[in-house]
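Chemist: Questions regarding the structure given below will be posed in turn.
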Amino acid sequence: MFDTIMKNFYLSILLGAVLFAGCENQVSVTSEPFGRLSTGEEVTLWRLKNNRGASVELIDYGSRIVKICMPDRDGGIDDVVVGYGSLSSFENGDRYFGPVIGRFGNRIDHASFELDGVRYDLVANEKLGGESVQCHGGIMGFDRFVWSGEAIKEKGRSGVRFYRLSPDGEQGFPGNMHAYVTYWLSSDNVVKIEYEATTDKATVVNLSNHTFFNLRGSVPSNVMEHIFQVEADTCIQNNAHYCPDLILPVEGTPFDFREPHRIDYRIDQPHEHLRIMKGMSACWAVRDWDGSLRKAADLYDEVSGRGVETWTTEPALLTYTGRGLNPKKYPDGKYGPLCKFAGMLLETIHFPDSPNQDRFPSTVLRPGDKYYSTTEYRFYAK
């Protein structure tokens, strides 16, 4: 009798442990309507949530991150993404809060490139230094379309996979390109983005995500107070078109973040790139890049204790600290008007203007090949 009781006791403990372990790995995924665009297209919001209280909200318009909620050092959950909260603002306001950018992220100088002896003239959407430039894929980039989405569940993580076909000639780019972007949330508070693409004609591709982070949370604050560290010994100095000109060592410059510093620790130091970009907007070359997943940067907020490591297969990390944000232009932020330095990009990419610059890793995608890139935002608190 006693043996039977003890056997049942241990079995109950074992079963509880198994059930607890299952709960530990559980990440839910749900969806709900988010509204309609002016075109009449329906937009869906997807929510990923783990049992630690962390969550990610996505919409299929622009395959876009709307919220990432993470714990601080005391366990308090708050949103670390800066931007809009309504569909009308996403459609009619600034385009680049949280979306996938493509077909080519960042800029292509002179809005043109040559591939296999053919010149392709792109749709320009900027005029900088007297020159036409295409930025983030043109007037109708990937951020302007509703993607199809499907939920995915795996052990320890859940995600949403978005898809769209970018037709041949879209914004001047050659080839019918099938693009897939998958967002994952894991049980250990890692937000992972996977980018995939194929084409039926040689083209160029450089996909990324354009989310503004502020680890302090939803209370408006200055991201320049964050502590930043980058795994990079060199960075890009731009020309007047905001495209790469020189590759410079970071040592002794305002862009030397090989050791952790406040973002603004040398912001008043004279530097030509700071003058051109009118502030801290920079592109670093990830140290010892070989295409494998490696750490690129660490961003930390001393007040909340939240931090995020950026890991990527991409060769470059581009940051922008929101110097152009202001309450008059952006009155409709999720938590009030968006002020200067409200958020910071951690944009993992191939180098801007790569199609025109052989010194950078190639962004050419050919039929039969598969484009693949991944970035992980590994959140922590201490």
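Chemist: Does the stretch 152-163 include one or more residues that are closer than 26 Å to Gln26 by Cβ, out of contact with any strand residue (DSSP E or B) (no Cβ under 9 Å at 6 or more places or on another chain) and of a type in the set (Lys, Arg)?
Modeler: Yes, there is a match, as at least one residue in the stretch 152-163 is closer than 26 Å to Gln26 by Cβ, out of contact with any strand residue (DSSP E or B) (no Cβ under 9 Å at 6 or more places or on another chain) and of a type in the set (Lys, Arg).
Chemist: Go through the stretch 38-54 and give me each residue that's surrounded by fewer than 19 Cβ atoms within 10 Å (Cβ to Cβ), in contact (Cβ under 8 Å) with a residue 40 or more places away in the chain and under 14 Å from Ser28 (Cα atoms).
Modeler: Lys49, Asn51, Arg52
Chemist: If a residue must be modelled with pLDDT of 95 or more and in a loop (DSSP other than H, G, I, E, B), how many such residues does the stretch 53-85 contain?
Modeler: Result for the stretch 53-85: 12.
Chemist: If you don't mind, there's one more thing I want to ask. Select from the stretch 75-131 the residues that are in contact with a Cys (Cβ under 8 Å, 6 or more places away or on another chain) and over 22 Å from Asn239 (Cβ atoms) and list them in ascending order.
Modeler: Within the stretch 75-131, Ile77, Asp78, Asp79, Val80 qualify.
Chemist: Out of all the residues in the stretch 189-223, which are over 19 Å from the mean Cα position of the chain (by Cα) and more than 21 Å from Gly137 (Cα to Cα)? Even if it seems obvious, please write down each step before you answer.
Modeler: Step one: filter the stretch 189-223 for residues over 19 Å from the mean Cα position of the chain (by Cα), giving 198-204, 219-222.
Answer for the stretch 189-223, where residues must be over 19 Å from the mean Cα position of the chain (by Cα) and more than 21 Å from Gly137 (Cα to Cα): Val219, Pro220, Ser221, Asn222.
Chemist: Could you list, in sequence order, the residues of the stretch 235-262 that are in a strand (DSSP E or B) and in contact (Cβ under 8 Å) with a residue 12 or more places away in the chain? Walk me through how you get there before you give the answer.
Modeler: At the first step, the residues of the stretch 235-262 found to be in a strand (DSSP E or B) are 235-238, 244-249, 261-262.
Passing the criteria: Cys235, Ile236, Gln237, Asn238, Pro244, Ile247, Leu248, Pro249, His261, Arg262.
Chemist: Something else now. Conditions: (1) free of Cβ contacts under 8 Å to residues at least 60 places away in the same chain; (2) at positive phi; (3) buried (at least 22 other Cβ atoms within 10 Å of the Cβ). Gly169 meets all but one. Number of the miss?
Modeler: (3)
Chemist: Can you find, within the stretch 67-101, the residue that is farthest from the chain's Cα centre (by Cα) among those that are buried (at least 19 other Cβ atoms within 10 Å of the Cβ) and on the phi > 0 side of the Ramachandran plot?
Modeler: My answer is Gly83.
Chemist: Let me ask something additional. Contact list please: Cβ distance under 6 Å, first residue in the stretch 357-382 and within 18 Å of Trp184 (Cβ to Cβ), second residue aromatic (Phe, Trp, Tyr), pairs at least six apart or on different chains.
Modeler: Ser373/Tyr195; Glu376/Trp311
Chemist: Any chance you could count how many residues in the stretch 174-193 are part of a strand (DSSP E or B) and within 25 Å of Phe104 (Cα to Cα)?
Modeler: The total comes to 11.
Chemist: Still on this model: In this structure, is Asp301 modelled with pLDDT of 95 or more and surrounded by fewer than 16 Cβ atoms within 10 Å (Cβ to Cβ)?
Modeler: Taking the combined requirement at face value, the residue does not satisfy it.
Chemist: As an exercise: evaluate Gln134 against (1) in contact with an Asp or Glu (Cβ under 6 Å, 6 or more places away or on another chain); (2) part of a strand (DSSP E or B); (3) surrounded by 20 or more Cβ atoms within 10 Å (Cβ to Cβ) and give the number of the one condition it does not meet.
Modeler: Only one criterion in (1) in contact with an Asp or Glu (Cβ under 6 Å, 6 or more places away or on another chain); (2) part of a strand (DSSP E or B); (3) surrounded by 20 or more Cβ atoms within 10 Å (Cβ to Cβ) is unmet by Gln134, namely (1).
The values are calculated or read from the model by the stated rules, or taken from the named source; none is laboratory data. Model, not experiment: these values are computed from the prediction. Every residue, glycine as well, gets a Cβ built from its backbone with ideal geometry; the counts of neighbours run over all protein chains shown.
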